[in-house]
Amino acid sequence: MTIPELPIDLVEEILCFVPATSLKRLRLNCKRWNRLINDDKILASKNFDKAAKQFEILMLTEDYRICPLRVNPHGSVEVKSELRLVDPHSKYSAEFDVEGVIHCDGLLLCTHEEEYRIVVWNPLTGETKGINIHKRGCFYSLGYSKEDNKSCNKSYKILSCHSYSNVFEIYEFKYNSWRVLNDINAQGGWELRDTLISVSLKGNIYMFADDKTETPSSLSLLKFDFSTEKFLLVPLPYKGDFKAASICSVREEKLSVLLRLHENCKTEIWVTNKIDETTTVLSWSKVLALDLSVDHQISNYGSFLLDEEKKVVMCCNRWIDEIGEVDVVFDNYKCKDVVYIVGEDNKATIVDCRLDTSNQCWSTILDYVPSLVQIEQPSGKRKRALQSTGNLETFVDLTKKLGSIRAEMKILDPMKTEIRYMSLLKKAKQNLLDRLLELVDYI
């Protein structure tokens, strides 16, 4: 019994609900599916919005590499092999040293303060894009604009902010160019915090800023909307000059902030209501109030992740002390990056992530969702790095091409042509075998 061919609209609707990691493996089943998954930008966007999210924790380590973390049921953490990011501008396939990272829709924006370029990377597909910058010392965030709330066509953009000036620029992928964002002073009343921690959620950027309309000034969230290109102050749960503040996204639906007024205060974890394109007002709920020792109090440069259901947080922080066993020394202070998990019982479980602490890069953790979202390339060209899954040309496609070459060249040199043909055919068969083994693993 043969399976009837489904209408393309129905196929698209079904594929929208298949998780991206599984969808990547399904491309082998049908050339039409392969083309649809690879080339349909709208499908990739719909898939990210509609399919079940497969969250994984990524960690930016002190040796400028990104590694997946696996949290086991009993609370231990396993550090997996690092994800290899090849510098798109390197002639010798050198790896790009990542010093800062922010994610949006499965894309990672990777930066390094000493480089005159940044890299946008999709770890699932291997697609990369190197972007030149004209000055260093800037802070970058990744988001997108939409024509309207119902549109699935997202235009990805990068916001650049110079650390020591009030100059903002926007990079648009479809134009492959930077432009200065004007009229920033007219949107005044705030000043960015020098920690420059940010989160991308639903295409918008959230970061910390001082609200200068208050006397004295107080810490607030600052939202940047890529669609309107406007900044908006978003109040925190309460006003204060916080000793420590950090921010993260929760399940790609909410914002969470970690706040502490001073060292003797409890560390509070707050979370917003669900945020979507229609949300106009944020409301806050306190999830945890942790009475942590000084060693476990997170700093302004630390990062955290929240499991709202289990009321557990994972923190990544730098310990700074003048005595004791250490890994890095800065200005007579001794430093060590640590990861720990803590819940309502206030018991912190230290996680040994075997961090290489020989460099000055601050370790960071983030809640990442793999996707098939494509990176818009200049002139519509897509540069896709070859992954372990290899080239997705099917055996049939390859043999057709080889047969054509064989027919044309056999007239010139029959012996040499047959040897070359058999070599290429063997390679094509191995390609097919790899694809079949991948499909068997999936099933």
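The values are calculated or read from the model by the stated rules, or taken from the named source; none is laboratory data. The structure displayed is predicted, hence computed values, not measured ones. Cβ sites come from the backbone with ideal geometry, for glycine too, and all protein chains shown count toward neighbours.
Table for the structure above
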{"item": "GLN54, sole failed condition from (1) out of contact with any helix residue (DSSP H, G or I) (no Cβ under 7 Å at 6 or more places or on another chain); (2) part of a loop (DSSP other than H, G, I, E, B); (3) surrounded by fewer than 18 Cβ atoms within 10 Å (Cβ to Cβ); (4) touching a residue at least 60 places away in the same chain (Cβ under 8 Å)", "result": "(1)"}
{"item": "Hits in the range 198-220 (condition: among the hydroxyl-bearing types (Ser, Thr, Tyr) and either over 18 Å from VAL271 (Cα atoms) or not assigned by TED's automatic domain parsing to the domain that holds SER249 (or both))", "result": "THR213, THR215, SER217, SER218"}
{"item": "Entirely in the range 239-315, the strands (runs of 3 or more DSSP E) that have 1 or more residues that are under 18 Å from VAL351 (Cβ atoms) and touching a residue at least 40 places away in the same chain (Cβ under 8 Å)", "result": "244-250, 254-260, 284-290, 303-307"}
{"item": "Qualifying residue in the range 78-92 (condition: among the polar types (S, T, N, Q), more than 30 Å from ASN166 (Cα to Cα) and at pLDDT 85 or above)", "result": "no"}
{"item": "Of all residues in the range 131-158 being small (Gly, Ala, Ser) and buried (at least 17 other Cβ atoms within 10 Å of the Cβ), the one that is farthest from ALA44 (Cα to Cα)", "result": "SER141"}
{"item": "Of all residues making up the range 266-293, the number that are within 10 Å of PRO237 (Cα to Cα) and of a type in the set (Lys, Arg)", "result": "1"}
{"item": "Selection count, the range 102-120, where residues are part of a strand (DSSP E or B) and more than 16 Å from ILE133 (Cα to Cα)", "result": "5"}
{"item": "Matching residues in the range 197-232 - criterion: being assigned to a strand (DSSP E or B) and surrounded by fewer than 16 Cβ atoms within 10 Å (Cβ to Cβ)", "result": "ASP225, LYS230, LEU232"}
{"item": "Filter result (aromatic (Phe, Trp, Tyr) and crowded, with 20+ Cβ neighbours inside 10 Å) within the range 101-127", "result": "TRP121"}
